[in-house]
Number of protein chains: 4
Amino acid sequence: MSLNTFGHLFRVTTWGESHGPALGATVDGCPPGVTIDEAMLQQWLDKRRPGQNKNMTQRNEPDAVRILSGVYEGQTTGTPIQLMIENTDQRSRDYGDILNTFRPGHADITYHQKYGLRDPRGGGRSSARETAARVAAGGIARAALEALVPGIAIKGYMTRMGAMVLDRARFDWDAIDGNDFWLPDAGAAPEWEAYLQKMRKDHNSVGAVVEVVARGVPAGLGAPVYAKLDTDLAAAMMSINAVKGVEIGEGMAAAELSGTENADEIFMGADGPEYSSNHAGGILGGISTGQEVVVRFAVKPTSSILSPRKSIRMDGSPTEVVTKGRHDPCVGIRAVPVGEAMMACVILDHLLLHRGQVGDGPRGQIG
Amino acid sequence: MSLNTFGHLFRVTTWGESHGPALGATVDGCPPGVTIDEAMLQQWLDKRRPGQNKNMTQRNEPDAVRILSGVYEGQTTGTPIQLMIENTDQRSRDYGDILNTFRPGHADITYHQKYGLRDPRGGGRSSARETAARVAAGGIARAALEALVPGIAIKGYMTRMGAMVLDRARFDWDAIDGNDFWLPDAGAAPEWEAYLQKMRKDHNSVGAVVEVVARGVPAGLGAPVYAKLDTDLAAAMMSINAVKGVEIGEGMAAAELSGTENADEIFMGADGPEYSSNHAGGILGGISTGQEVVVRFAVKPTSSILSPRKSIRMDGSPTEVVTKGRHDPCVGIRAVPVGEAMMACVILDHLLLHRGQVGDGPRGQIG
Amino acid sequence: MSLNTFGHLFRVTTWGESHGPALGATVDGCPPGVTIDEAMLQQWLDKRRPGQNKNMTQRNEPDAVRILSGVYEGQTTGTPIQLMIENTDQRSRDYGDILNTFRPGHADITYHQKYGLRDPRGGGRSSARETAARVAAGGIARAALEALVPGIAIKGYMTRMGAMVLDRARFDWDAIDGNDFWLPDAGAAPEWEAYLQKMRKDHNSVGAVVEVVARGVPAGLGAPVYAKLDTDLAAAMMSINAVKGVEIGEGMAAAELSGTENADEIFMGADGPEYSSNHAGGILGGISTGQEVVVRFAVKPTSSILSPRKSIRMDGSPTEVVTKGRHDPCVGIRAVPVGEAMMACVILDHLLLHRGQVGDGPRGQIG
Amino acid sequence: MSLNTFGHLFRVTTWGESHGPALGATVDGCPPGVTIDEAMLQQWLDKRRPGQNKNMTQRNEPDAVRILSGVYEGQTTGTPIQLMIENTDQRSRDYGDILNTFRPGHADITYHQKYGLRDPRGGGRSSARETAARVAAGGIARAALEALVPGIAIKGYMTRMGAMVLDRARFDWDAIDGNDFWLPDAGAAPEWEAYLQKMRKDHNSVGAVVEVVARGVPAGLGAPVYAKLDTDLAAAMMSINAVKGVEIGEGMAAAELSGTENADEIFMGADGPEYSSNHAGGILGGISTGQEVVVRFAVKPTSSILSPRKSIRMDGSPTEVVTKGRHDPCVGIRAVPVGEAMMACVILDHLLLHRGQVGDGPRGQIG
C-alpha cells in the first residue's frame, strides 16, 4: 500500500488535481472476463456528481468517465484499467485569493509545510474531487464482485447530520435511493432538508455519519493481524477526505457494553451458522462471519464556509478567511457513494486474497 | 502492507501463537545507529504484562524479550531486528474443551471457516498475546523516534470503561503512570477499580476507550490520499484485537458540529503556526500540523466470560460456552501500551517516509 | 511491487495496450520541486520512437506525451504524475489474422492460457509499445536525479547485435548519440547497418546486447538481501519485453574468473576510495561503491518475422505463421532508451530509500 | 517487496547475522493444511550445510532449524511460520583483524559507507550464512507446491566452474545428487574436484554457473509487465550473495541468434501445446508455457582468499588483506540448493497470485 495506492491484489491508484486537465484511477488486479462499460461506471459517478440538487455544491461537472485500457470488447482482460475523468468546469478564479492564505480546516498549510509548494486551485490534490476517481474504481469492483459473488449488495446511507439522527425504528432499505440524503427514512427527508438549508443560509456547514452495509459477503474473508478485513475497511474509510472516525458494528459504543450484552450468540441455521445479533459488524478476528458487514464513518463539517475564520498568510501575517466559491453545506451527503465504492474495493480485494491464500476448494465446514 | 506486516519503511511483521514455543516480531527498516538493549524493550513489555494486579488476568508470563539480530554492540545496524518472546506459562489444558466448540465473540469460527484448521490453544494466532510482539517492536520505534526527534512523547490512557467516564476537567498527564488503569485522574481510580471488580464477580466483562497522544510530532508528516497519517493510524489501531472503532481528534462527534464550531483557527506563534483548538487531532489532509496527534479507540468487552453463552460445535450441534481460564475483565487496560506502540510505529514510519520523499532539507516555511 | 507497478518509493505503474485509445504511466513518489515539462520528456520518447530510420519499424507514432497531473507551474508537487500517450497510428487490420492463431515467441498463447481472453490487436498489453510509458516515466526520474545528484549521467548503448560485437578498444562515449545503433564506435556503424539490412531482406531478425552505465552514483545506495541495488536492476531489465539475460559488471563471465583475477583492489584517492578495476559493476553486497554502475542485458531477436514458423490455432489445429505488419528487425535498438529509463528509475528509487533509511546526515566516513 | 522481504503473497523475510545468536526466516502467506515438519526442512539445509566434504568451508554448523510458529500438529495453519537456526560455531576471533579493514570484493566498505556501522563478525548480515534461512523457507515452499501441483520437481546443478564446463551431451538428471558438485555428469566430477583442490592450494577461488530447472509448472503462471515470472526469478537469483548474472532459457546467447533460430515452434500434443525447443526457458511474455522453467546464474569467485590483495583501512591508510578463516573455494557449489529454494518460492508465489487473480476455475482452453 503505497502513498496513492490502495489494496493488496485489487489495487487502485488515484491521480489528479481538482483543477488540472483530468483526474482518474489506475486499477490493477481486476480479474479477467468481467463485463464492464463506461455507462455502468457512470451510474455510480452520477450518484456522487455535484450540482444535482440544492443540497449540493452548484459546481457543475459532467464527471464523464473514459476507460483507456484493460477492457477489450466489453470485458476486462486482467491488465490495468485506466479510468480518466476530464475536468471541465474549473473556474479557478474563484480560488485566486487563497494562493498565499491558509484556509482553516484545509490541507493548505500542511501541504505547504510538507512539500514547500502545492497546486492551490480548488484544493489541488486534497480536493474532494479526488473521490470521483474512487467511485469510478468502485464501479469496477462492484462489477467484479457481482460476477464472483452473485447477489452481493453494498449500500450506504446517512444516519446522522448535525442534530438530525436517523430513527432506527423507521429504517427502510428501499427508501435510500429515493431522497437527496440517501436516508433510509423517506418521511424524515424534508426535515433534514430544512435543517441543511438553514445551515447554508447561516453561512455554516455541518458534519454527518455515513453507514455502509455489505450483504451477502461470504464467511472467511480477511486475514490475520494486520490485513484484517476491519483494518482495511478502517483504512479505506479514514482515507476519504474529511473523515474523522470509523466504526465496525457496535463501534465506539462497544466501550459501554458488558461482555454478556456484546456477545453475538451462535445458532445453527439451515444454510450454516447464524447469530442472535451483530455487534461484531460481521467480522470476528479480522475475518468475515457471513453476516452483514457494517461500517460507519463520521465526516466533519465542510471547512469551506462563508463565515469568517481567523488564519495566517504564508508570511505569517494574520488574516480572516471567508471561503467563497461553491461548496457543499454537508460533504457527508456526497461521501455516501464514496464509502460504498471503498467497501466494494475492500471486499473484492479480500475475496481475491482469500482465493489466492486458500483457493476455491474445500475449507472448514460446519455441521 | 502484507497479511502480517505493518508499515511502509519501518515494517513490523509479528508471528507466533499463544501457546506455541515462542512469538515475536521481525522489525525491518529501523535506521542504523539507534541505541537499543533488551532492558529498554522490557520496560514497555512489563507495562503490558499480565498478572501484575488484580485487574488483569492472572496468567503469569515473564514476557522476556530477546534480540536475536540487527543490533551490534548496543546499536542498530540497519538490518532486520528479530525480537523473540518465549511462551512459558502455557497451561493449555485450560483450553481443551474449545477444540470443537466455537466461543462467541472469538475468531474460532471464522478461522475454521477460512482455513479449515487452527491452533485452538489459547486462541492461537488471534490471542491478545500477539500484542506483546507489537509492544516490543514499539519499543524499537520509540528509541528511534527519540534519536530523530528529541523530546517527542507518546502516551496512552483510558477515557472510558463501561459506565466509568474520564472527567476531562480533572485531566492530569502526570497521574497516568500511577494507577492500574493508566487513568489521567488519580482520584477516580478507586471507583474504576470497584466497578471492574464488581463486573468480574458478576462473571462479566466490560469495554473501554483508550486515547493515545503524541506530543512533539513535527509538521509535515503524512502523505496524500491513501497513506495519510490518519489512515495509517486508523489501520494500526483497528488491527489490535477487540478494537471496534477509531477516532482522530473530534472523531465521531465531528458529525454533530457545525463548520464554525469545528474550525481550528490559525495564529502565528513564536515558533510557527498555532491553533485555537485541535478538533482535527493534529492532522489536516492526512498530514501532521505540529499539534498533538490524538487517536482514540474502543475495545469491546472481553468475550471470554464465565457467564454461559449459546453457541454451536463444529458439527453444528448446539451448546453453551462458559470460558474458564484466566481472562482480563477489561482487555482495554492492557490495550493502552499496545496503542502507544502502534502510535510510535506509525509516527516513525511516516518520519522515514517523509525523509525519503522530501529530505531533511528546506521545505515550506511560514513567516 | 505489484503486478504492473515497479519501485519502492518512486513507483511507476504502466497501463495501456498497443491499439487501445492511449497508454501511459502513473508515477507516484516523485519528490516535490523538480522542474518538469512535456518537452523534457519528449526528448527521451523521441529517442525510442519508431519510424525514425530504416533500422526501425515503419509504424509512425508521434508518441506525444501529456502530463495530466502532479505538475503545477512547471514543478512537481509530490503528488502522482499521470503521463498519457495517445495511440494514433493503430492500423489494427494488420493484425486481424492473429485473432485465433498463436504467434511463436509471442505472449499470445500464454495470455490466452492465463486469462482466457486478450486484446489481440498488436500484441495488446505485451506489445513493445508499453515501453514508451517507461521511457516517459524515466524522463521524470532523470529530472529528479539531476536535481538531487548534480552531474549524474545515465547512458545506454549496444555491445552486440547477432554476429556484430563492439570492439571495446574503440569505445567512444561521445559517439553513442551519433548513429542509429547507439554504438560507442562511429566507425563500426555502417557495418552494423549492412548486417541488419541483410537480416531484414532475409525476412529474419536478430538479438542484441545493451549495456547501460550510470556515472556519478553516490556510494551507499542499495539495501541488504532482497532490495539490493543489483536485485532491483535485474528485475528492472528483465521486466522489459524480450529480455532473456541480465548481467551486473563482469556478469556471467564471473564464473570463469579466479578470486585473484576478480578482486577489485581498493586505494585511497583524493575524493575517497578508488578501485583498480570494476568487475563488480559498481555494486558490493547490494550497495553502490561510487564507481560506475554497469548493467547489461540481452534482447532476443524479434519474434515477428516474415519467415513462416509452425504453430497452432486456438482450436489446436496446425498452421504456419508469417507475421506481417511493420516490425523492428532488431528490437534491441529501441531497448536502449528503455534500459536507460529503467536505470534512472531504480537509481532514483534507491536514492529516496537511502534518504528515508539513513537520512542526508553523517554516515560512514573513510579517511 | 521491502528491504529484507521477498515475494507477493508467499513472503519470506530473512533476518540474522553470521555470528549473532541466531538467524532465520519469517514466512508469511503459506497456504493452510500443508504437512510440514522440521526433518523435512532439515534435508534441504543439510544439502547446503558447510563442512560436509573437502570442497567446502570446514566451518561446522549443524544448521538445525526450529519451527517456532504457524504449524500445529504437523500442518500449516495459514499464519506466519517462524524458522530459526541458532549459530553455534561462531569463532569470531578469526575475524578480529577485519574490524577496521575493508576486504576487497566484500560488502564491508559499502555497509560502512551506507550505515556508518556494521556487525563485522563473519560478514554480519552479508554473510552467505543468510542463505541458510532461504533454504529453510524454500523447504516450506516445496512442501506447499507438492501439495498443490503434484509431481512438480525443482532441481539445480552446476554447468560451469572456472575452466570446467558441463558437457551437455552427457547430461544425466539422475547423477546430480551423487557427487559433491551437483554435477549432472558423474564421470566428470573427479576432474572438477582436482581442479578445485588445485585452486584451493594456490590460495585462490573460482566462479561458477548454476542452472535451476522446474519441471511440471502449469501454464499460465506469471503476470504482465513488472511482476513477470522471469522478472521475479531474475530478482530472486540476483538477490543471492555473489551472483552477477541471471539468464532465462537462452539467456545472453539470445543476442547471437536470428529470429528463425530462436523461434520455439508450437505443436498440438496429446495433453496440450508442445514446443519444438525451449529457447524461451518456459516463459513467454512473463507467463509460463508449461515447458521446463530454466534459470541460470553466475556466482563470482569467493572474495575471501589467502592471496594478499591491496585495500585500505577505515582511516584511508593502505594495507594488504589476506582473508584467513575457513572459506569455500567455490561458493557456487553451495549456491545450488539456494537457487532451488528461490525457484520454489517464486513458483509458489506465482501459483498463489494466479489463483487469486484468475481462480481455479475455467480459463483459456486450447484444442
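The values are calculated or read from the model by the stated rules, or taken from the named source; none is laboratory data. Remember, it's a predicted structure, so these values are computed and weren't measured experimentally. Glycine gets a Cβ as well: all are built from the backbone with ideal geometry, and neighbour counts include every protein chain shown. The protein model used for the area step is the full one, side chains on, heavy atoms only, and it has no ligands, DNA or RNA in it. Shrake-Rupley method; radii C 1.70, N 1.55, O 1.52, S 1.80 Å.
Each Lys and Arg Cβ is given +1 and each Asp and Glu Cβ -1; about its Cα centre, chain B then shows a dipole of about 1460 debye. Per residue of A:64-70, other chain Cβ atoms within 10 Å of the residue Cβ number 5 on average.
For C:Pro190, inter-copy separations between label points set 7 Å beyond Cα along the Cβ vector come to 5.8, 9.3, 10.5 nm, shortest first. In loop segments of the stretch A:148-186 as defined by DSSP, there are no chymotrypsin sites (Phe, Trp or Tyr not before Pro) with at most 10 further C-beta atoms inside 10 Å of their C-beta.
If the Kirkwood radius is taken over C-alpha pairs of the protein assembly as shown, then at 25 °C and 0.890 mPa s the Stokes-Einstein diffusion coefficient equals 75 µm²/s.
A simple charge model with +1 on the Cβ of Lys and Arg, -1 on the Cβ of Asp and Glu and nothing else charged puts the dipole of the stretch B:177-335 at about 1200 debye relative to its Cα centre. Local charge for A:His354 was computed over the other residues whose Cβ lies under 11 Å away, with Lys and Arg +1 and Asp and Glu -1, and equals +2.
For the stretch C:132-194, the carbon plus sulfur part of the accessible surface works out to 49%, probe radius 1.4 Å.
Extension gain for A:Phe267 to A:Lys54 (0.36 nm times residue separation, less C-alpha to C-alpha distance): 71.9 nm. Distances, shortest first, from the label point of D:Leu99 to those at the same position in the other copies read 5.6, 6.2, 7.6 nm; the point lies 7 Å along Cα to C-beta.
Distance to the A-onto-C rotation axis is smallest for one chain A Cβ; residue and value in angstrom are A:Thr26, 2.
Per the Debye formula on identical point scatterers at the alpha carbon atoms of the stretch C:311-367, with no solvent, log10 I(q)/I(0) at q = 0.20, 0.30, 0.31 Å⁻¹ is -0.88, -1.11, -1.13. Charge tally around D:Ala263: other residues with Cβ under 9 Å, Lys/Arg +1 each, Asp/Glu -1 each, net -1. Counting charges near B:Ala341 (Lys, Arg +1; Asp, Glu -1) among other residues having Cβ under 10 Å from its Cβ returns a value of +3. For the segment B:163-172, counting C-beta atoms of other chains within 10 Å of every residue's C-beta and taking the mean gives 1. The residue among B:Phe267, B:Ser311, B:Val294 whose Cα reaches farthest toward the positive pole of the charge dipole of the stretch B:167-321, with charges on the beta-carbon of Lys, Arg, Asp and Glu, is B:Ser311. Taking the charge dipole of chain C about its Cα centre, with +1 at Lys and Arg Cβ atoms and -1 at Asp and Glu Cβ atoms, the residue from C:Tyr195, C:Ala341, C:Met237 reaching farthest to the positive side is C:Tyr195.
Among D:Pro184, D:Ala227, D:Val209, flag the residue with its Cα farthest along the positive direction of the charge dipole of the stretch D:174-257, charges on Cβ as +1 for Lys/Arg and -1 for Asp/Glu. Final value for the positive-end residue is D:Ala227. Applying the Kirkwood pairwise sum to the alpha-carbon positions of the stretch D:1-50 produces a hydrodynamic radius of 12.8 angstrom. Using the Stokes-Einstein relation with a Kirkwood hydrodynamic radius computed over Cα pairs, the translational diffusion coefficient of the stretch B:66-224 at 37 °C and a viscosity of 0.692 mPa s comes to 166 µm²/s. Entry comment: accessible area of the stretch C:218-367 is 26 Å² per residue, from protein heavy atoms only and a probe of 1.4 Å.
For chain D, a Gaussian network of Cα nodes joined below 10 Å ranks D:Leu306, D:Leu352, D:Leu257 by mean-square fluctuation, and the top entry is D:Leu257. Taking 20 Å as the limit for the C-alpha separation, the pairs C:Lys47/D:Lys244; A:Lys300/B:Lys228; A:Lys198/A:Lys244; A:Lys198/A:Lys324; D:Lys244/D:Lys310; B:Lys198/B:Lys300 exceed it in the case of C:Lys47/D:Lys244; A:Lys198/A:Lys244; D:Lys244/D:Lys310.
The orientation-averaged shadow of the Cα convex hull for chain D, equal to a quarter of the hull surface, comes to 19.7 nm². Using the Cβ-Cβ distance between C:Asp46 and C:Ala186 with R0 = 25 Å, the FRET efficiency computed as 1/(1 + (r/R0)^6) comes to roughly 0.75. Over all directions, what mean area does the Cα convex hull of the stretch B:250-367 project, stated in square nanometres? Quarter of the Cα hull surface area: 13.1 nm². Each other copy holds its own label point for B:Glu320; taking that point as 7 Å from Cα along Cα to Cβ, the gaps run 6.8, 8.4, 8.7 nm, nearest first. With contributions of -39500 (n - 2.57) from each DSSP H run of at least four residues, the per-residue ellipticity at 222 nm computed over chain C stands at -8000 deg cm²/dmol. Suppose the Debye formula is applied to equal point scatterers at every Cα of the stretch D:152-304; what is log10 I(q)/I(0) at q = 0.09, 0.12, 0.17, 0.21 Å⁻¹? Ignoring solvent entirely, the Cα scatterers give -0.34, -0.59, -1.08, -1.41. A Cβ-based charge dipole, computed about the Cα centre of the protein assembly as shown with Lys and Arg at +1 and Asp and Glu at -1, lands at about 0 debye.
Solvent-accessible area of the stretch C:222-290 (1.4 angstrom probe, protein heavy atoms only): carbon and sulfur portion equals 44 percent. Computed from the C-alpha gyration tensor, the three semi-axes of the ellipsoid equivalent to the stretch D:95-152 are 37, 10, 9 Å, from longest to shortest. What value does the stretch B:207-251 have for Rg/Rh, both radii from Cα atoms and Rh as Kirkwood defines it? Rg divided by Rh gives 0.98.
Chain B against chain A buries an accessible area of about 8700 Å², both chains summed, 1.4 Å probe radius. In chain C, Cα pairs under 8 Å separated by at least six residues give a relative contact order of 21 percent.
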